[in-house]
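Only one structure is covered here, and it is reproduced in the block below.
The values are calculated or read from the model by the stated rules, or taken from the named source; none is laboratory data. Owing to the predicted nature of the structure, the values given are computational and were not obtained by experimental measurement. Cβ coordinates were reconstructed from backbone atoms using ideal geometry, including for glycine residues, and neighbour counts include every protein chain displayed.
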Amino acid sequence: MNTTQRTVHGREFFELQVTFARKVADVQGVAVSELLMEWTILRQLFHLRVNPTTPNAVWDAFIEGVEAGDDIAGAAYALYIERMAAGLRDDDEREHWGCFEYAYPWRGEPTVGMHFANRDYTPHGTLSRERMPARMSELRAMFAHIREAHPDARTVRGSSWMHNIPAYQRLFPPEYVASAERCGYETGFWALWGQFIARDGGLRESTTRPFLERLRTQTTTAGCLRCFPYEVLKPRCDISAFHRLHAVE
């Protein structure tokens, strides 16, 4: 397990999501407050357990403020900082292997749900060729652990915009990469919104700028969704492919 820095997101990330939700609300002719739960990741950033059938008093109070005329991005950012100060943040002390971690079982199946988080703060890019040996070493150690801790695991799955990136693909078995299914734009999840985050927690200009430029001219919901530079891909393959790649016995 590694000790890492914690990423704190700036107000601009909240403004980006609110801008998107406002545009979709305008296109659909509904109040923006109706879309903030499913069309942004604010509830994840607030660390709130809430969905259309599971109410949450903190979320309800936030929405009441929005409907009363609060500056949405400002109110969202203030609540985020408040929750961070209260210790409600991503738990970087959970078990992980460098930039990788996993969930098992995945939704009751003998499947490893693999996750990536940038915990590499060296001068080189996290997915650069210089850091590829480090990433491969992390994966090797993680799958060795999984083999020992969960010998019944049968498959590995992922879900992220990152599976579009060749530098990310080269970390995985060819059959895993080839299996990726296009799943569109899941607007309520980090798997989509993570493409806008730079290494320091700020916004990545190379994805943010074209997204906002395209968004301004859209007149349909589908058009708004296609403004995202990358859609979410979901690969899945037998865990034995990872054992072979990483020589896990």
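Of all the residues that make up region 114-128, how many are surrounded by fewer than 17 Cβ atoms within 10 Å (Cβ to Cβ) and either touching a Lys or Arg at 6+ places or on another chain (Cβ under 6 Å) or within 18 Å of A241 (Cα to Cα) (or both)? Qualifying residue count, region 114-128: 2.
Residue-wise test of (1) modelled with pLDDT of 95 or more; (2) touching a Phe, Trp or Tyr at 6+ places or on another chain (Cβ under 8 Å); (3) under 30 Å from L35 (Cα atoms).
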{"residue": "A86", "(1), (2), (3)": "no, no, yes"}
{"residue": "E93", "(1), (2), (3)": "no, no, no"}
{"residue": "M114", "(1), (2), (3)": "yes, yes, yes"}
{"residue": "S137", "(1), (2), (3)": "yes, no, no"}
{"residue": "F143", "(1), (2), (3)": "yes, yes, no"}
{"residue": "A167", "(1), (2), (3)": "yes, no, no"}
{"residue": "P173", "(1), (2), (3)": "yes, yes, no"}
{"residue": "F196", "(1), (2), (3)": "yes, yes, yes"}
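Restricting the search to region 59-87, which residues are over 21 Å from R22 (Cβ atoms) and exposed (fewer than 15 other Cβ atoms within 10 Å of the Cβ)? Within region 59-87, I81, E82, A85, A86, G87 meet the criteria. Take G201 and tell me if it is outside any helix (DSSP H, G or I), assigned by TED's automatic domain parsing to the domain that holds W39 and within 25 Å of L42 (Cα to Cα). Taking the combined requirement at face value, the residue satisfies it. State whether the residues of region 118-131 include one that is modelled with pLDDT under 95 and either among the small types (G, A, S) or assigned by TED's automatic domain parsing to the domain that holds R204 (or both). Scanning region 118-131, I find at least one residue that is modelled with pLDDT under 95 and either among the small types (G, A, S) or assigned by TED's automatic domain parsing to the domain that holds R204 (or both), so the answer is yes.
Among residues of region 203-223 that are under 15 Å from K23 (Cα atoms), those with a beta-carbon under 9 Å from a residue that is surrounded by fewer than 11 Cβ atoms within 10 Å (Cβ to Cβ) at least six positions away or on a different chain give the pairs G223/T217. Checking each residue in region 20-74 for being among the small types (G, A, S), in contact with a helix residue (DSSP H, G or I) (Cβ under 9 Å, 6 or more places away or on another chain) and assigned to a loop (DSSP other than H, G, I, E, B) picks out only A31.
Just one of the numbered conditions (1) without any contact (Cβ under 8 Å) to a residue 24 or more places away in the chain; (2) in contact with a Phe, Trp or Tyr (Cβ under 9 Å, 6 or more places away or on another chain) is not true of G74: (1).
Only one of the numbered conditions (1) among the small types (G, A, S); (2) in a loop (DSSP other than H, G, I, E, B); (3) surrounded by fewer than 17 Cβ atoms within 10 Å (Cβ to Cβ) is not met by A134, and that is (2).
Within region 137-169, track down each residue that is surrounded by fewer than 20 Cβ atoms within 10 Å (Cβ to Cβ) and over 24 Å from F189 (Cβ atoms). Selection gives S137, R140, A141, A144, H145, R147, E148, A149, H150, P151, D152, R154.
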